[in-house]
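Since the structure comes first, as structure tokens, the remarks are kept for the end.
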Amino acid sequence: MMKKITAIITVLAACALLTACNKSTENFNDFDDIKLVRTGFANRRVFENLAALEDYVDLAVVGKFTGDPEQEERYRYNEFFGKDVLYFVTSTNTIEIEKVLIGDAEIGDTLQIVQDYGIVDGDLVTFSDLTPMQKGDEWLFFLKKESDSDIYFCAGDSDGRFPVPNAENEPMPLSDCPDLGVYDEQNFMWNTYNEILEKYDI
Amino acid sequence: MKIKKRVIPMLAGVLTAVMLTSTASAHPEDYWAGKYIGYEDAKFTLRISRSAQTDFLTSDIYRSARDWNGISSNVRVNVSFVINARTTIDDGINVYGDNLGERLLGYTTPYDSNGKPLDTSIDGLISDWAYADITMNTNSSVFSVASDPKLAAQMTFVHEVGHVLKLTHPFISRGLGGHTIDGKPVAIMNQGFPGDYGGAVSSTITGHDKSCLKAKWGA
Ligand SMILES: [Zn+2]
Ligand SMILES: [Zn+2]
């Protein structure tokens, strides 16, 4: 297995900096020309309602991504193809906490979140149903901490990240329903989200 | 962004209307089109690499993949363990292990003929695959919270082999919460731990899984 750490700061990101001063008039987007490749049929935990989710998570917070994600690609030699083949890729980003619903955390604390996607050979390769982490985006997170590190992840992948009403997130052209934070509405937990909106003031 | 505070999932109603016009036996959304390039059937050896063999992921977990045998005459699954790095089986589906944290239990990746992962929401659903392999999570803490951790790991492996056999998740376990024909069929191809969703996630291959396998590969 070969590990490679790269940052997703591309030429496009540099362009973003150049246009940052007039961002309000530019509809600039990092993901406009990227091909989306959703791959990997997984088995993962499912949380059929809010109670199951609350029971599982360490933290539930509203937070904002404060940086560009750091990417780790995993390759291994594949006998069938006779070469190293990508088999997994993750991106890790930092959020700053703005509100705490569950768990031991303070407003202003930062923590790291990992999602299973990355930009490989110009494609956005994702094993996750969640859209990428974009700097400045605000979400409601239901988070579990990895037992062997200090990194958190969204419980059940798309079961653990929800929209903050009235958030002004960056455009996300790769998704049909970007406001929900998933590529496909069938992966969004509407029932749980409605329960959350009923119970918590976010 | 504008999201109303109480959103009724209207699409669920549309799906209900669609399901009434479907037949009860076909379930075409429960398996994918296409086969493996150069093959008409699905007869292969699962080659369990050393990376997948751990104190927790034992040989009996992997041997349960043979439960897919005897359902379709065009499906035959053998299981072989790599004893040393040199053991090779030409037509094997490789099974690897890696520490995937606690986010995934395991996953199956289909590839095109260049060794690139196929998009499982578009081409992967309709095209012939060149190859597929399975990655099992060797981080046993992801399974330790299940009521029966070994059974959860075994179910995960048999579920992943089901994906290699081109079966998909029969009910949408997330947002819309509905299989388009028969609600939430009890199936090993549902996602989660055995017993989740009121027992719809099965630890063993069920009648629904079998009918899908036969619909896909023939009786
Ligand atoms: Zn699956
Ligand atoms: Zn079905």
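The values are calculated or read from the model by the stated rules, or taken from the named source; none is laboratory data. These numbers were taken from a predicted model, which means no experiment stands behind them. Glycine gets a Cβ as well: all are built from the backbone with ideal geometry, and neighbour counts include every protein chain shown. Areas reflect the complete protein model, heavy atoms only, side chains present, ligands, DNA and RNA absent. Shrake-Rupley method; radii C 1.70, N 1.55, O 1.52, S 1.80 Å.
Which whole number gives the average count of other chain Cβ atoms within 10 Å of the Cβ atoms across peptide A:153-160?
Numbers: counts 4, 1, 2, 5, 3, 2, 3, 1.
Other-chain Cβ atoms within 10 Å of each residue's Cβ, averaged: 3.
Orientation-averaged projection of the stretch B:32-168 equals 8.5 nm² [convex hull of Cα atoms, one quarter of hull surface area].
Between amide H atoms placed 1.01 Å from N, distances below 5 Å from B:Arg76 occur with B:Ala42, B:Lys43, B:Phe44, all of them 5 or more places distant or on a separate chain.
When the surface is traced with a 1.4 Å probe over the full set of protein chains, A:Met189 keeps roughly 10 Å² accessible. Kirkwood hydrodynamic radius of chain A, from the reciprocal of the average inverse Cα-Cα distance over all distinct pairs: 17.8 Å.
Accessible area buried by the pairing of A and B, both sides summed with a 1.4 Å probe, works out to roughly 5300 Å².
Our coupling estimate for the stretch B:160-171, obtained by passing each phi through the Karplus curve with A = 6.51, B = -1.76, C = 1.60 and θ = phi - 60°, is 5, 4, x, 5, 4, 7, 6, 8, 10, 6, x, 10 Hz, Gly and Pro reported as x. Surface analysis of the stretch B:32-168 yields an accessible area of 37 Å² per residue, using protein heavy atoms and a 1.4 Å probe. As a length-normalised measure over Cα pairs under 8 Å and 6 or more apart, the relative contact order of chain A settles at 23 percent. The mean number of Cβ atoms from other chains found within 10 Å of a Cβ in peptide A:178-189 is 4, as a whole number. Scalar couplings 3J(HN,Hα) for the stretch A:154-161, obtained by applying the Karplus form with A = 6.51, B = -1.76, C = 1.60 to θ = phi - 60°, are 6, 4, x, 6, 6, 7, x, 9 Hz; x denotes Gly and Pro. Over the stretch A:20-199, accessible surface divided per residue gives 39 Å², non-protein components excluded, 1.4 Å probe. Residues in the stretch A:117-132 carry Karplus couplings, in order, of 7, x, 9, 10, 6, x, 9, 8, 9, 10, 9, 10, 8, 8, 5, x Hz; the curve used is 6.51 cos²θ - 1.76 cosθ + 1.60 with θ = phi - 60°, and Gly or Pro positions show x.
Taking all protein chains as they are arranged and a probe of 1.4 Å, the heavy atoms of A:Asp184 leave approximately 50 Å² accessible to solvent.
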